[in-house]
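Step one of this worksheet: look at the structure below.
The values are calculated or read from the model by the stated rules, or taken from the named source; none is laboratory data. What you are looking at is a predicted structure, and each value in this text was computed from that prediction instead of being measured. Neighbour counts are summed over all protein chains in view; Cβ atoms, including those assigned to glycine, are modelled from backbone coordinates with ideal geometry. What goes into the accessible areas is simple: the full protein's heavy atoms, side chains included, and nothing from ligands, DNA or RNA. Shrake-Rupley method; radii C 1.70, N 1.55, O 1.52, S 1.80 Å.
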Amino acid sequence: MAQREKVTVVGRQTDCHLFEGDGTRPILEENVRIRYIPERVEFPDEIARWRRAIEDEERRKEAAGEPHRWNNPRFAVERLVVTRTHALEEPVATLTLRDADYYDFLTTSINLDRKQENGLTLRQQYLESRDPVDAPPFMFCSFGVNVAVETGGDGKMLFSHRSARVVGPNRSRWNSSANEGLAANHDLSPDGRISLHAVARRALREELAVQASDNVDLELLGFGLDLRNNQWAAFFRAVLPDLTEEDLRARWSLGIEDKWEHDAFAFVPADPDSVLTFIHAQPPESWAPCAPTLFYLSLVRSAVRARGGDPDARLEVEAAQRRVLGRAGAA
């Protein structure tokens, strides 16, 4: 069985595997290629019965006027392949998707540790007995786009706390500044094209009220796999040159499209010591598995750009990590 190493941030091992990227260079938008197969993901018979039970229960709740989870079209990940360009060896990502929906996602995401008739859980059969990257598409019925946001006007990093009203394993946890799952009704163009950068911009608008006319410096830094919840994630860094914490909070007071998804925000000075101190100060279980990795990559990218593209600047973030751990140990 292939083991996927887990990222360690400020002395804590996360449940995030960094599949591609180290923060020193972005994956250019033109080097992200998405193949869409308009065919529905298929479940084995037993797991298909689990899905039908979920759908029946949610329909019953809806008919009774009870809170329920509505279905919407999503995508299942067939595969993610990362190569390099011939001349400059820049990263090229090819993501292959097929049709799925939210109930498909729930079928596996909330049942990873449920035993099948063969006595094995989904986690045991498809994730622990083999390389989880090679799990069948029905195990990956969601793809998340995660964005770390920095305000350029006052130089702060934004952390968002997911509301208890959000369905899924990351509710009531600190997470990326904004995140969205790929959704066919939002992200599939009439000609069959999908753009991860466009999804990141949608996440900024729907969750943080950052509009299309706002100046946004957006870069894709890499891809990760949440090994605890078996979900793929894209990692973006977004700098808002013209906005401050005060600007955003004033805007939020007038409404956000998806205001219910978060119940708290924290703005922290965007230097490595402050950001890593904030991450370390929160209990490990209060973080979504891949959030610390995203913010670490964002710090590295900021340091590299500040030194004119020198990849050795990543060592500045490593040094800050040692300082934070040293202060924590001395406390």
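Within segment 275-306, restricting attention to residues that are of a type in the set (S, T, Y) and open to solvent by 10 Å² or more (accessible area, probe 1.4 Å), the residue that is farthest from V7 (Cα to Cα) is S302. Within segment 1-33, can you find the residues that are among the basic types (K, R) and part of a loop (DSSP other than H, G, I, E, B)? Correct list: R4, K6, R25. Can you find even one residue in segment 307-315 that is closer than 23 Å to S160 by Cα and open to solvent by less than 70 Å² (accessible area, probe 1.4 Å)? No: segment 307-315 contains no residue that is closer than 23 Å to S160 by Cα and open to solvent by less than 70 Å² (accessible area, probe 1.4 Å).
Exactly one residue out of L122, L97 is buried (at least 22 other Cβ atoms within 10 Å of the Cβ), touching a residue at least 60 places away in the same chain (Cβ under 8 Å) and over 21 Å from the mean Cα position of the chain (by Cα), and it is L122. Cβ-Cβ contacts under 7 Å between residues 6 or more apart (or on different chains), taken from a first residue in segment 188-204 that is among the charged types (D, E, K, R) to a second residue that is assigned to a helix (DSSP H, G or I), are listed as R202/H186. The C-beta contact set for segment 261-274 (first residue modelled with pLDDT of 95 or more, second residue aliphatic (A, V, I, L, M) and part of a helix (DSSP H, G or I), distance under 6 angstrom, 6+ apart or interchain) comprises V268/V275; P272/L299; P272/V317; P272/A320; D273/A320. hydroxyl-bearing (S, T, Y) and under 20 Å from the mean Cα position of the chain (by Cα) - does that describe any residue in segment 65-87? Checked against the condition, which is being hydroxyl-bearing (S, T, Y) and under 20 Å from the mean Cα position of the chain (by Cα), segment 65-87 yields no hits at all. Scanning segment 156-195 for residues that are crowded, with 22+ Cβ neighbours inside 10 Å and of a type in the set (A, V, I, L, M, F, W, C) turns up M157, L158, F159, A178, L182.
Of everything listed in (1) open to solvent by less than 20 Å² (accessible area, probe 1.4 Å); (2) in a helix (DSSP H, G or I), the single unmet condition for R201 is (1). Against the numbered list (1) within 20 Å of V133 (Cβ to Cβ); (2) open to solvent by less than 70 Å² (accessible area, probe 1.4 Å), R79 comes up short only at (2).
Identify all residues within segment 297-330 that are acidic (D, E) and outside any helix (DSSP H, G or I); write none if there are none. Answer for segment 297-330, where residues must be acidic (D, E) and outside any helix (DSSP H, G or I): just D310.
As for segment 319-330, it holds at least one residue that is surrounded by fewer than 23 Cβ atoms within 10 Å (Cβ to Cβ) and closer than 23 Å to F223 by Cα.
Only residues that are part of a loop (DSSP other than H, G, I, E, B) and touching a residue at least 24 places away in the same chain (Cβ under 8 Å) were counted in segment 128-168, giving 17.
Can you pull out every residue in segment 212-242 that is in a loop (DSSP other than H, G, I, E, B) and under 10 Å from C16 (Cα atoms)? L227, R228, N229, N230 - these are the residues of segment 212-242 that are in a loop (DSSP other than H, G, I, E, B) and under 10 Å from C16 (Cα atoms). Scanning segment 283-318 for residues that are under 19 Å from the mean Cα position of the chain (by Cα) and more than 23 Å from L218 (Cα to Cα) yields P284, E285, S286, W287.
Of all residue pairs spaced 6 or more apart or on separate chains, those with beta-carbon atoms under 7 Å, a first member in segment 42-68 that is surrounded by 11 or more Cβ atoms within 10 Å (Cβ to Cβ) and a second member that is in a loop (DSSP other than H, G, I, E, B) are W50/N111; R51/F43; E58/H68; E58/R69; K61/P67; K61/H68; E62/H68.
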